[in-house]
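*Asks:* Provided herewith is a single structure, encoded as structure tokens, for subsequent inquiry.
Read-outs: derived from the displayed coordinates by stated rules, not from any lab. Computed from a predicted structure; not experimentally measured. Glycine also receives a Cβ, built like all others from the backbone with ideal geometry; neighbour counts cover every protein chain displayed.
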Amino acid sequence: NAVPAVAPAAPKPPPPLVARANTIVIPRLGLSQPVGWYSDCLGRAAVPRWGAWRWSCSGVNNIYVMAHNPGVFTPILGLRAGDIVQYGDPSGHIHTYRVSSTTIVSNTQMWPLGATPSSTLTLQTCWTWDGTRDFIVRALEI
């Protein structure tokens, strides 16, 4: 008599991504990225090549986070309207946002940095290799 074959156990799924203080989490993209603090309000200091950075001088109601592409923010090029993004602020409070739009702008356009009428998360990464155009994601708090 033959012994019946035992099916191998299915691999365990990875643990869910968890937002915590100073972290951006994008579940659909499998992205969990620590966020540092960029405080040069004149924008003269280079954004460090590694990591994501919250710009401390953005307008009222606008959490503005930037990082390089290629780099840690390359995955955000895949974001689309309706996607969920979580941001853990410095106090550890978790904010949940829904992507409302994506757009490409000249790096001289300042409106993405400005104030917004409601709680907004703005993500920015380079669109072109020379940094003259940026990919912008706008997400509204839900």
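*Asks:* Go through (1) of a type in the set (Lys, Arg); (2) in contact with a Leu (Cβ under 7 Å, 6 or more places away or on another chain); (3) over 18 Å from Arg138 (Cβ atoms) for Arg44 and report which single condition fails.
*Replies:* Just one mismatch for Arg44, condition (2).
*Asks:* Please give the strands (runs of 3 or more DSSP E) falling wholly within segment 32-142 in which 3 or more residues are loosely packed, with under 13 Cβ neighbours inside 10 Å. Please lay out each step first, then the result.
*Replies:* On the way: elements: 52-55, 62-67, 84-88, 94-106, 120-126, 133-141.
The strands (runs of 3 or more DSSP E) meeting that bar are 94-106.
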